[in-house]
């Protein structure tokens with residue numbers, strides 16, 4: 001029974017885990033906006049989610065750029081998130097003299113978008129739990 005509950009909620013659990021880790025990366029980009037030679041980092045969320053679901057719900061996976069403007073293809077940042085998801089450098093939108101690639105407009109937009117999607121994921125899990133409770137209570 002518990003295995004069925006786990007599999008029922010695994011997708012939204014995986015989505016929230018990846019969104020949380022991405023939010024930390026975006027916050028780090030914003031915090032380092034004035035750090036010389038700092039390279040903005042991000043993950044390709046869609047590919048990371050596909051990889052995580054293919055492995056049975058554990059977040060992570062190989063990344064591929066979905067658009068030339070989103071993440072620089074073939075530019076691994078050389079590190080991974082705690083769950084093994086590779087981190088990539090974000091493509092340079094506006095160059096700077098000090099070598100920093102953080103564009104605050106892009107980062108704030110991505111941060112707000114990711115936060116909104118995280119909240120939507122929370123709402124989905126809440127509705128799943130309410131549905132389970134209604135089924136258990138026979139309503």
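Between residue 104 and residue 27, the modelled labels are 1.9 nm apart [label points 7 Å from Cα along Cα→Cβ].
If R0 equals 30 Å, the separation of the Cβ atoms of residue 20 and residue 92 corresponds to a calculated FRET efficiency of about 0.70.
Distance between the 7 Å Cα→Cβ label points at residue 128 and residue 7: 1.4 nm. Peptides 123-136, 97-110 ranked from most to least packed, by the mean per-residue count of other Cβ atoms within 10 Å: 97-110, 123-136.
Only the coordinates and a few stated rules stand behind these numbers; no lab work does. The structure presented is a predicted model; accordingly, all values stated were derived computationally and were not measured. Glycine also receives a Cβ, built like all others from the backbone with ideal geometry; neighbour counts cover every protein chain displayed.
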